[in-house]
Amino acid sequence: MCNNMYMSKLNDFYQNTLDNILPIGSYVRLLPYDLVFKATHWCWYNCPHCCESAGKNRDKTFIPESVIKYYIDAAKQDPQFTNEVVITGGELMSAYNLMSPEYVPNLVNYVLDKKISLDIKTNGAWVNAPLLRGRIFNDLRNLANNHNPLGFQISLSLDKYHPNALENNYEILKNLAQDKYIKIPMLIHISGFDADKHMYQTLITKLKHTPKIKIDEVGVLSTSGSLIKMIRLNKHVCVRYSTAPCPFANGRAKYLPEAAPVELPQFSFIAGTQQNPSVLVAFDAAGNVTLGENSGKKISVPWRDKNGNPRPLPAIKADLVKQTRIENFKLIHHETIKSMKNDFINKMNKIGIKIR
């Protein structure tokens, strides 16, 4: 007992010392975290801004349903888990014809049955597939009616990079709004970039001129007390809109001239606000766990062990802390060298030796 107590105090001293030297590690170790599951890297589209370089050329593989459930169960035992899960891709809905038609409904039901808030991200391309759209709309209706709507959100993209984004968003919102069998409000989050705000205005205008759709403006108080403006379609489809300045220069997006430049390492995995920050812990179908979705330099560790089995969540978190500290040290070293170089150039310029 005394030996264990001694080792625990020694470990605390070690962690606190490293936190003072490399404080970014404490964010990963101490802050709450959301779970993100990038279920597949396959997608119907090859969008030029995709941070995951998802597309038709990627493997048609998915994170097994059992693995996602395993990590959800593990997170539920961790007090740092925010009780928020995001399931995305690639394109998640491709599971209907590449994996199993039950894959998405099973995962959604599993998350919501455990009273966990859920965000499903999709590009909406499935709305153009006659064999898929009927089944998916039916599943979304049933999932909405069978669960607490406050914990269920569908996220759609609306920007110039997604093919047919305006048409896809319109078809999805129109069909959901006109579905007389949906009894409980559904929350739809539409996101885009500042330069594409006109697409959202066009979308709302089209909906206003669509028969049998009534639009109301509503406001919802967030947990922080701020008012979130939304529109409501036929009283049961609530739509909120958000934008970002420009794409991250990551994945294929690094070739876009308008993408935000990224220096490495980039510790942009801290989400939320200063009052309520959280860390995104993202599992992908390639077997990696990454901090954040769009960090400049991916800070990743494997979620599979050497036998291909899922590793314990505490071990993954410990490895992410270690890897973050390594990248933090590299950044400090890089900035020190950069500062020394600039000082040398300035001194040479002062004595008449021009150095670029």
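What follows is calculated from the coordinates using simple rules that are stated; it is not laboratory data. Keep in mind that this is a model prediction, so the values were computed, not measured. Please note: Cβ atoms are built from the backbone with ideal geometry, for glycine as well, and neighbour counts cover all protein chains shown.
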In whole Hz, the Karplus estimates of ³J(HN,Hα) for the stretch 282-291 (6.51, -1.76, 1.60; θ = phi - 60°; x where Gly or Pro) are 10, 8, 10, 6, 7, x, 10, 10, 10, 7
Near Tyr241, within a Cβ-to-Cβ distance under 9 Å, what is the net charge of the other residues, with Lys and Arg +1 and Asp and Glu -1?
-> +3
The stretch 1-154, relative contact order in percent, only Cα pairs under 8 angstrom and at least six apart counted = 21
If you put +1 on each Lys and Arg Cβ and -1 on each Asp and Glu Cβ, how big is the dipole of the stretch 1-141 around its Cα centre, in Debye rounded to 20?
-> 300
Those GluC sites (Glu not before Pro) from the stretch 26-102 that are DSSP loop and have at most 13 other Cβ neighbours within 10 Å turn out to be Glu102
Under 20 Å from the Cα of Lys214 - lysines, other chains or at least 8 residues apart = Lys174, Lys180, Lys183, Lys206, Lys229, Lys235
Of Ala195, His162, Ile182, farthest towards positive along the dipole that unit charges on Lys, Arg, Asp, Glu beta carbons give the stretch 150-221 = Ile182
The stretch 122-194: trypsin sites (Lys or Arg not before Pro) falling in loop per DSSP and having at most 13 other Cβ within 10 Å = Lys180, Lys183
HN-Hα J in Hz across the stretch 252-259 - Karplus 6.51, -1.76, 1.60, θ = phi - 60°, x for Gly and Pro = 6, 4, 5, 8, 8, x, 8, 6
Show the residues, 5+ positions off or on another chain, whose built amide H is closer than 5 Å to the amide H of Leu280.
-> Asp34, Ala271, Gly292
